1. Would you check which residues across region 166-184 are surrounded by 22 or more Cβ atoms within 10 Å (Cβ to Cβ) and in contact with a helix residue (DSSP H, G or I) (Cβ under 6 Å, 6 or more places away or on another chain) and list them?
2. I'm told residue 197 meets every condition in (1) surrounded by 14 or more Cβ atoms within 10 Å (Cβ to Cβ); (2) away from ligand 1 (no atom under 13 Å from the Cβ); (3) farther than 28 Å from residue 122 by Cβ except one. Can you identify the failing condition by its number?
3. If we only count helices (runs of 4 or more DSSP H) wholly inside region 87-206, which ones have 3 or more residues that are modelled with pLDDT under 95, within 12 Å of the chain's Cα centre (by Cα) and not assigned by TED's automatic domain parsing to the domain that holds residue 75?
4. Only one of 266, 304 is within 24 Å of residue 183 (Cα to Cα) and in contact with a helix residue (DSSP H, G or I) (Cβ under 6 Å, 6 or more places away or on another chain). Can you tell me which?
5. If a residue must be within 11 Å of ligand 1 (Cβ to nearest atom) and touching a helix residue (DSSP H, G or I) at 6+ places or on another chain (Cβ under 7 Å), how many such residues does region 156-165 contain?
6. Quick check, is residue 217 closer than 21 Å to residue 157 by Cβ, more than 16 Å from ligand 2 (Cβ to nearest atom) and assigned to a helix (DSSP H, G or I)?
7. Can you name the residue in region 109-138 that is more than 16 Å from ligand 2 (Cβ to nearest atom) and within 25 Å of residue 3 (Cα to Cα) and, of all such residues, is surrounded by the fewest Cβ atoms within 10 Å (Cβ to Cβ)?
Ligand SMILES: NC(=O)c1ccc[n+]([C@@H]2O[C@H](COP(=O)([O-])OP(=O)(O)OC[C@H]3O[C@@H](n4cnc5c(N)ncnc54)[C@H](O)[C@@H]3O)[C@@H](O)[C@H]2O)c1
Ligand SMILES: [Zn+2]
């Protein structure tokens, strides 16, 4: 598969990925190579990665505990301290091997340590391959509030090796699939229709490549999210609020990122039907597709009230307004739509119907 070139870096696939990282390490003359993993990617992905690395470098492995609950500043502090203890300097590099939690947190730690060291992303979940590892958004949650602290800073390269997905469970695969469906909804109706017809997620190499191409096209035009890049947040305004609420609430099971934004995409589909002329048939298609893939989440009235309170923390807000990305049709988004509170409650009623 061809590499995908972004502004300052490239996304490489399979054998080319290993070829490029070997070339880069040989040339860059790093003082030390730090590898960030969690316990699962330590077990499943580190050995095959190391086996493909040629040459003799000064490696240090840093392991953090897996899970969104650990994507916070306390974990960053631990990693910064370890880097410091192990004499990381500005010529060190960090290789993030893991899902979106590792690439978001590792990218942020590297971008801020000694005002920034190089980092390389090696995504190992479907979600991080198609979305989180590309585009340069790095950061962590603040309490339950998603991605409140972070910077936009690009990796040196992204290495996508779909074989890493062999050890990933189906629920995590499905979570990543939600971001792929989003790519169809915001930019490519044919892709949406193709994805809907998939019977399993076994042979997704080409689809990963297509999703990264879509994301990259958007990010290249608007790297700092002034306008167009906002479309990547379709489903995320309400989706993040739902994710935060479940992250915080002890009485609810944790929702994965993809599961939460799947709910968000149905809710924001309803808002699109009401406000930006999304045809009813497209709204029904969106609802049916997501409910076929993801279990329906039960929301009580008080859940909904609390979720809506969290909306004020969304990063797309400005001057006290809550801004949504909605759809005019499948593949055609509209940015900066303001939505009245009543309609938000109505959207949840539509979800629950
Ligand atoms: N920066 C961005 O642009 C962006 C975009 C989308 C999502 N995100 C963020 O990504 C995060 C979600 O990422 P995620 O879904 O990858 O979650 P994750 O990093 O928590 O990974 C999910 C689970 O899979 C395990 N795992 C990872 N690779 C594995 C493998 N190959 N085999 C077996 N187990 C493996 C992990 O240890 C973890 O338990 C969220 O925090 C979200 O906000 C960021
Ligand atoms: Zn997302």
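1. The answer is 175, 176, 178, 179, 180, 181, 183, 184.
2. The one condition residue 197 does not meet is (1).
3. none
4. It is 266.
5. 3
6. yes
7. Ranking the candidates gives 118 first.
The values are calculated or read from the model by the stated rules, or taken from the named source; none is laboratory data. These numbers were taken from a predicted model, which means no experiment stands behind them. Please note: Cβ atoms are built from the backbone with ideal geometry, for glycine as well, and neighbour counts cover all protein chains shown.
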